[in-house]
1. Which of the listed residues, H84, L142, S99, is farthest toward the dipole's positive end in segment 64-157, when Lys, Arg count +1 and Asp, Glu count -1 at the beta-carbon?
2. With +1 on each Lys and Arg Cβ and -1 on each Asp and Glu Cβ, and nothing else charged, work out how big the dipole of segment 3-223 is about its Cα centre, in Debye to the nearest 20.
3. So which chymotrypsin sites (Phe, Trp or Tyr not before Pro) in segment 119-225 are both in a DSSP loop and have at most 10 other Cβ atoms within 10 Å of their Cβ?
4. Pick out, in residue order, every one of the trypsin sites (Lys or Arg not before Pro) in segment 143-226 that is DSSP loop and has at most 13 other C-beta atoms within 10 Å; say none if there are none.
5. Pick out which of A57, A116, A144 has the largest mean-square fluctuation in a Gaussian network model of the chain, springs linking Cα atoms closer than 10 Å.
6. Report Rg/Rh for segment 95-197, rounded to two decimals, where Rg is the Cα radius of gyration and Rh the Kirkwood radius.
7. Which values, in whole Å and largest first, are the semi-axes of the equivalent ellipsoid of segment 3-223 obtained as the square root of 5 times each eigenvalue of the Cα gyration tensor?
8. What residues qualify as long-range amide H neighbours of S121, i.e. H under 5 Å apart, gap of 5 or more or another chain, H built at 1.01 Å from N?
Amino acid sequence: MNIAIDGPAGAGKSTIAKRVAKELGSVYIDTGAMYRALGLYMLQHGIAPSDEAGVLAALPLVDISLAYTDGTQHVILNGEDVSHLIRTEEVSSAASVISSYPLVREKLVELQQKLAAKTPSVMDGRDIGTVVLPDAELKIYLTASPETRAERRYKELVEKAGGEAISLTVEEIADDIRTRDERDMNRAASPLRQAEDAVCIDSSFLTIDEVTAQILRLAAERSGKS
């Protein structure tokens, strides 16, 4: 079974997808990490994410793959493990911009489809159920209010900072989330939208365990094991 989990930035897709994959013994494929790795490459090489021509010119020079060690996913960029470098706000914003370019999406979608064809997987992103895995046995559209997503992201950043205050406010993060939502939903290539046969789950007032349980129940129903 392949499970597609789509939704806006900060809805908890990666966290939930990892949990579901672990429970089902499937491979977790973090498509957002691939776009982040590409964004990181552009930043490292002085290419502005908004420079579409520059990004596309550099595309052939970039090799992105996923490796798994003891069930943990590692993102490999041109032979280097960059898993620890791709979770900053700067890289996240860069990824959001370059993911709007059709040729960028074409390159990464092909890779994602090849990965899913090899093994049962749980894949999360913005266009998994609509473009990458349109035939997935289960499609989930996971969302939450911008305010809820901003509060979660703020807490995550504070934890990463060891509990110390950070320069960003919840309001600033919420504004950035709304901007990303607008860009993702209105881009020409594979805009963010709920697949017609996807189940929508609003996680604004749900815990990680509650969302995970819902998806596992749906997976059991689809596989006839309920």
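1. L142
2. 400
3. F205
4. Qualifying residues, ordered by number: K225.
5. A57
6. Computed over Cα atoms, the ratio is 1.03.
7. 25, 22, 17
8. N2, I3, V27
No value in this document is a laboratory result; all are computed from the given coordinates. Note that this is a predicted model, so its numbers are computed, not measured. Quick reminder, even Gly has a Cβ in these numbers, built from the backbone with ideal geometry, and neighbours come from all protein chains shown.
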